[in-house]
Amino acid sequence: MNLHLSFLRDLLPQAADYVDLRHTWKADLVAGATVGIIALPLALAFGISSGAGAAAGLVTAVVAGLVAAVFGGSHVQISGPTGAMAVVLVPIVGQHGVGAIALVGILAGLMLLLAGVLRLGQLIGLVPWPVIAGFTAGIGIIIFLQQVPLVLDSTGQLGTRPVVAAYHSALDADWSAAGWPLLAVAVVIALMLLLPRLDERIPASLAAIVLVTVAAELLNLPLPRIGEIPSSLPAPSLPSVDPALLQTVLTAALAVAALSAIESLLSARVAVDLSGDARYNPDRELVGQGLACIASGAFGGIPATGAIARTAVAVRAGARTRVTALSHSLFLLGVIYLASAPVSRIPMAALAAVLMLTAIRMIPLAEARMILRSTRSDALVLVLTMTITVMIDLIEAVQFGIAVAAVFALRAVARTSGVRREEIASEARRGDDRIAVYRLTGSMFFGAAERVRSEVQAEGDIEVVILAFSELRTLDATGANTLAEIVRSLEGQGVTVLIKGVPPRHLALMRSVGVIAALRDQRHLFATFPLALEHARSHVLRAEAARAPSS
């Protein structure tokens with residue numbers, strides 16, 4: 001009982017979360033303002049890209065960012081709207097409308113809470129590197145493609161697959177009116193690339209957006225704008241629950257929860273590597289993100305996740321405690337109350353340009369090259385995961401990628417597992433040619449069981465088979481059942497089977513499945529090879545004597 005209470009306490013905020021604050025508060029506040037400046041255009045852009053609107057993205061960065069900062073499991077994680085989540089939400093908005101997002105977010109948050117309480121945070125370690133790289137690359141491609149309809153003012157494609165939407169937007173675009181948006185995109189991207197070369201401290205994306213917005217206002221350029229932004233946070237409210245809608249959005253909520261868990265835990269793990277601060281609780285991170293999604297949905301925002309890029313910026317800017325994430329959200333809250341009017345005049349094309357360059361930078365080209373040069377199976381997992389992410393669905397891509405990677409991993413284990421026939425190393429004696437020694441190696445599991453069955457044979461004059469188990473690392477029920485069948489088959493042929501060196505951890509399974517019971521004599525179980533060999537030799541000599549004609 002005390003262990004359970006201790007675990008639940010570990011999932012809640014603690015005074016130790018701020019133990020270093022008196023030494024780091026200045027650096028934390030500077031880092032929070034820095035990442036807040038960078039997060040502003042991204043929050044607006046991801047809100048628009050999701051189909052929920054710029055205001056929803058900004059509200060999410062404030063509300064979810066605050067809640068995740070207090071309750072999350074990482075000390076320097078920055079949470080808010082992300083490109084991956086925007087990708088998942090687009091078809092949900094297209095199918096169920098913007099009103100369903102709050103319900104989906106709250107349901108997903110409840111699922112994340114449950115996952116944290118059930119200690120599922122460590123499962124992120126089971127996602128293979130090629131799957132993560134393919135998933136990230138696919139998200140980058142999707143985010144880029146999603147901006148094409150926004151730039152070409154073809155919002156009628158909302159809810160369709162990004163590849164199809166981008167294709168039809170380009171096909172049906174009014175190219176005579178597309179010149180100014182394309183010019184705005186080019187200028188923003190150029191400024192984002194050039195400004196850091198002049199001074200790395202310049203927030204390039206924000207500066208580019210400000211310059212293009214000012215130019216658009218002064219020149220009265222025909223560019224679609226973001227539109228009205230609320231000048232205060234909306235009052236929290238729970239969405240009305242329609243039982244019919246609830247049933248249809250459960251699958252979507254599960255996909256959102258899975259994505260939030262995967263991206264948040266990956267981001268938090270990256271934060272540990274960047275900051276060197278090992279104080280990280282993956283189960284608490286799931287609880288924090290779950291509460292963040294619930295709170296965001298209640299305030300009219302979209303589901304949130306940990307943001308890898310913003311977290312990295314925060315760490316590099318000096319973040320040491322949760323005050324960085326808190327101050328980042330408070331900075332954005334100030335934008336809502338003090339700068340909603342100028343923000344509403346930002347051209348949509350400028351935000352699309354920020355996301356286009358962000359999407360390109362998201363694609364892990366260096367990692368992809370390394371994986372493609374590693375093994376054919378890992379390269380195939382990477383390509384398949386990326387392709388399914390872009391063409392079908394993100395969560396299905398992760399599931400399929402893990403499944404394919406698991407198949408290749410099992411095949412590799414099966415290839416290094418099996419059985420080999422060995423010669424008797426000691427001085428030869430009469431009758432040794434009637435003894436066969438088979439050594440089982442690696443893993444005796446369902447992937448290798450059939451090959452072992454086909455290779456263990458008693459041909460010719462073989463009277464005794466010794467099965468050596470000392471190099472057997474793992475054994476599952478299928479492998480143990482196959483061993484029992486092998487023993488029964490050999491004993492049925494009149495061949496005596498001796499078993500040597502069974503690791504203690506496998507003995508209970510072998511007894512329960514019937515391997516030991518299949519032996520002719522329960523004493524045919526030996527701890528060492530010399531004892532087994534001596535018994536085999538005596539058995540052969542006794543059989544030879546029994547066959548000899550009596551004088």
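The values are calculated or read from the model by the stated rules, or taken from the named source; none is laboratory data. It should be emphasised that the depicted structure is a prediction, and the values quoted were computed from it without experimental measurement. Note that each Cβ is placed from the backbone with ideal geometry, even for glycine, and that neighbours are counted across all protein chains shown. Side chains included, ligands, DNA and RNA excluded: accessible areas come from the protein's heavy atoms. Shrake-Rupley method; radii C 1.70, N 1.55, O 1.52, S 1.80 Å.
Which is acidic (Asp, Glu), open to solvent by less than 10 Å² (accessible area, probe 1.4 Å) and assigned to a helix (DSSP H, G or I), of Glu263, Glu285? Just a single option satisfies the conditions, and that option is Glu285. Return yes or no: is Ala165 open to solvent by less than 60 Å² (accessible area, probe 1.4 Å), without any contact (Cβ under 8 Å) to a residue 60 or more places away in the chain and outside any loop (DSSP other than H, G, I, E, B)? It is true that Ala165 is open to solvent by less than 60 Å² (accessible area, probe 1.4 Å), without any contact (Cβ under 8 Å) to a residue 60 or more places away in the chain and outside any loop (DSSP other than H, G, I, E, B). Against the list (1) modelled with pLDDT of 90 or more; (2) of a type outside the set (Asp, Glu); (3) closer than 21 Å to Glu459 by Cβ; (4) in contact with a helix residue (DSSP H, G or I) (Cβ under 8 Å, 6 or more places away or on another chain), the condition Leu490 fails is (4). Residues in the range 31-47 that are at pLDDT 85 or above and open to solvent by 30 Å² or more (accessible area, probe 1.4 Å): Ala33 alone.
Taken over the range 172-185, the criterion of being free of Cβ contacts under 8 Å to residues at least 40 places away in the same chain and in a helix (DSSP H, G or I) is satisfied by Asp172, Gly179, Leu183. Given the residues Arg453, Arg430, Arg439, Arg473, which is the only one that is in a strand (DSSP E or B), open to solvent by 80 Å² or more (accessible area, probe 1.4 Å) and not aromatic (Phe, Trp, Tyr)? Testing whether each residue is in a strand (DSSP E or B), open to solvent by 80 Å² or more (accessible area, probe 1.4 Å) and not aromatic (Phe, Trp, Tyr) leaves just Arg473. Exactly one residue among Leu507, Leu525 is hydrophobic (A, V, I, L, M, F, W, C), touching a Leu at 6+ places or on another chain (Cβ under 8 Å) and open to solvent by 30 Å² or more (accessible area, probe 1.4 Å), and that residue is Leu525.
Residues are listed down the side, and each one gets a yes or a no for (1) surrounded by fewer than 21 Cβ atoms within 10 Å (Cβ to Cβ); (2) within 18 Å of the chain's Cα centre (by Cα); (3) modelled with pLDDT under 90:
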{"site": "Ala207", "(1), (2), (3)": "yes, no, yes"}
{"site": "Ala215", "(1), (2), (3)": "yes, no, no"}
{"site": "Glu228", "(1), (2), (3)": "yes, no, yes"}
{"site": "Gln247", "(1), (2), (3)": "yes, no, yes"}
{"site": "Ala257", "(1), (2), (3)": "no, yes, no"}
{"site": "Val270", "(1), (2), (3)": "yes, yes, yes"}
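Restricting Ala368, Ala350 to those that are in a helix (DSSP H, G or I), buried (at least 21 other Cβ atoms within 10 Å of the Cβ) and either in contact (Cβ under 8 Å) with a residue 12 or more places away in the chain or on the phi < 0 side of the Ramachandran plot (or both) reduces the list to Ala350. Restricted to the range 407-427, and to residues there that are assigned to a helix (DSSP H, G or I) and out of contact with any Leu (no Cβ under 9 Å at 6 or more places or on another chain), the residue that is surrounded by the most Cβ atoms within 10 Å (Cβ to Cβ) is Ala414. Only one of the numbered conditions (1) among the basic types (Lys, Arg); (2) surrounded by 22 or more Cβ atoms within 10 Å (Cβ to Cβ); (3) free of Cβ contacts under 8 Å to residues at least 12 places away in the same chain is violated by Lys500, and that is (3).
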